[in-house]
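Asker: Structure below; questions to follow.
Just so it is clear, none of the values below were taken in a lab; they were calculated from the coordinates. Note that the coordinates shown come from a computational prediction; the quantities given were computed from them, not determined experimentally. All Cβ positions, glycine included, derive from the backbone under ideal geometry; neighbour counts span all protein chains shown.
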Amino acid sequence: MAQTIRTELTRISASFPEDLAYRVVFDNTSFVIETIREIMIALLITFLLVVLVTYLFLQDWRATLIPTLTIPVSLIGSFAVLYLFGYSANTITLFGIILAISLVVDDAIVVVENVQRVMAEHDDITTAKAARRTMEQVTGPIVTTTLVLGALFVPIAFLSGITGQLYRQFALTILVTITFSTINALTLSPALCALILRRREPPSFAGFRGFNAALDISRRWYLAGMIGASRRVVVTSFAFLTLLGGVYGLFRILPSGFIPSEDLGYMFVNVQLPNAASLQRTEAVLQDVVGVMRATPGVADIILPSSRPIPASPRSTPHSMVRGAN
C-alpha cells in the first residue's frame with residue numbers, strides 16, 4: 001500500500017505547477033519494512049544454524065537432508081493455514097515462525113536417528129524395513145510430544161482482550177507449524193529414509209571423531225552422575241533452583257511493559273510556556289528548539305505547527321523527524 005501511494009504521488013507530480021513540489025516527511029511504514037527485513041534475516045540465520053547443528057550431530061548429508069526438507073514443507077503449510085484464519089505475515093507470526101524452525105526438525109531427527117540405530121543393530125535389514133520398524137517404535141512418542149506442546153500453547157489462544165489478540169497469532173503459528181512437522185515425521189520422513197538413507201559409516205573427518213569422543217565423555221559423566229535416587233534428587237533440585245534463580249534475576253533486571261518500546265525513527269517534542277505567554281515568545285522558544293534539533297545528527301526533518309517541513313542538517317539520515325507544539 002505504501003509503495004502504491006508513492007507510485008501514485010510520482011505519477012501525479014508530473015502535473016504539478018513548476019513552483020510546487022512534494023516530499024514525504026513522515027512515513028510509518030519505514031519502521032514496519034525495516035522490522036520485517038530484520039526478521040527475514042533472523043529467519044535465514046536460524047535456518048542455517050539449525051541445518052549446521054543437525055549436520056554436526058548426524059554427520060551425514062543424506063541424514064541431514066531429511067530434517068531439512070521438513071522446514072520448508074512445514075512453513076509453507078503454516079502460511080497457508082494462517083491465511084485461511086485471516087492472519088498476515090506480520091512481526092508476530094514471523095517471530096513464531098523463527099521459534100518454530102528449531103521445533104519442526106525434532107520429530108524428523110528422531111525418525112532418522114532411529115532408522116540409523118535399527119540399521120546398525122541389524123546388518124541384513126534394508127532401509128525400507130528399518131523405516132517401517134522405526135515407525136512402529138516412535139509413532140507414539142512423536143504424537144505424544146506434539147500433544148504436550150499443544151497443551152502448552154492451546155490455552156494461550158483463549159486469552160481475551162488485546163493481549164489475547166497478540167498472543168493468539170503467536171500460539172496459532174506454533175501449533176500449526178508443529179502439527180505439520182508431526183505429519184511430515186509420520187509420512188514424509190520415513191519415506192525419505194527408505195529412499196535416500198544409507199548405513200552410517202564411521203566418520204573420516206578428525207573433527208567429527210573428536211566431537212563424538214567429547215560427546216561420549218559427557219554422556220558417561222551424565223549417566224554416572226544420575227546413578228542412585230539420592231543423586232538424582234540432588235541434581236534435579238540444584239538444576240531447578242538454578243533455573244528459578246535465573247528467571248527471577250532476569251525478571252528483576254529486565255524492564256517490564258506491555259509492548260517493548262522501539263525506535264520508530266521519529267520523536268515528538270512538546271514545548272509548553274507559562275499561561276498567557278505571547279505568540280512571539282512561543283515562536284522564539286520554538287526557534288531555539290529548532291536550532292538544537294538542526295545541530296543534532298540523524299534528524300532529517302522538523303515539522304512545526306502550521307508550518308512547512310524544515311530541512312535539518314545535511315549530515316542527517318532519513319526517517320527521522322521532530323514535532324514541536326506549544
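Asker: What is the packing order of peptides 101-107, 10-16, 164-170, taking the mean over residues of other C-beta atoms within 10 Å and listing the highest first? Mind showing how you got there, number by number?
Answerer: Values: 101-107: 21.0, 10-16: 9.0, 164-170: 16.3.
Ranked by mean Cβ neighbours within 10 Å, highest first: 101-107, 164-170, 10-16.
Asker: Quick one: if you stick a label point 7 Å off each Cα along the C-beta vector at Ala42 and Leu147, how many nm between them?
Answerer: Placing both labels 7 Å along Cα→Cβ, they lie 3.3 nm apart.
Asker: Right, another one. May I ask you to sort Ile97, Ile5, Ile109 by Cβ crowding, counting other Cβ atoms within 10 Å and putting the fewest first?
Answerer: Details: Ile97 24, Ile5 12, Ile109 19.
Ranked by crowding around the Cβ, least crowded first: Ile5, Ile109, Ile97.
Asker: Using Cα pairs under 8 angstrom and six or more residues apart, how large is the relative contact order of the chain, in percent?
Answerer: Normalised by residue count, the contact order of the chain is 17 percent.
Asker: Can you pull the one-decimal nm distance between simple spin-label points at Leu241 and Arg117, each 7 Å off the Cα toward Cβ?
Answerer: Distance between the two pseudo-spin positions: 3.4 nm.
Asker: Still on this structure, please answer the following. If you stretched the chain out fully between Leu9 and Arg199, how much longer would it get, using 0.36 nm times the residue separation minus the C-alpha to C-alpha distance?
Answerer: Working: separation 190, 0.36 × 190 = 68.40 nm, distance 6.29 nm.
Extending this stretch completely gives an extra 62.1 nm.
Asker: Give, as a single signed number, the net charge of other residues whose beta carbon lies under 13 Å from the beta carbon of Pro141, with Lys and Arg counted +1 and Asp and Glu -1. Write down the numbers at each step before the final one.
Answerer: Numbers: positive: none; negative: Asp106, Asp107, Glu113, Glu136.
Net charge around Pro141: -4.
Asker: If R0 is 56 Å, what FRET efficiency do you get for Phe31 and Arg219 from their C-beta distance, rounded to 0.05?
Answerer: Values: r = 47 Å, r/R0 = 0.85.
Step by step, r from the Cβ atoms, then E = 0.75.
Asker: Below 13 angstrom from the Cβ of Ser189, what's the summed charge of the other residues (Lys, Arg +1; Asp, Glu -1)?
Answerer: Details: positive: Arg62, Arg132; negative: Asp106, Asp107, Glu113.
Result for the neighbourhood of Ser189: -1.
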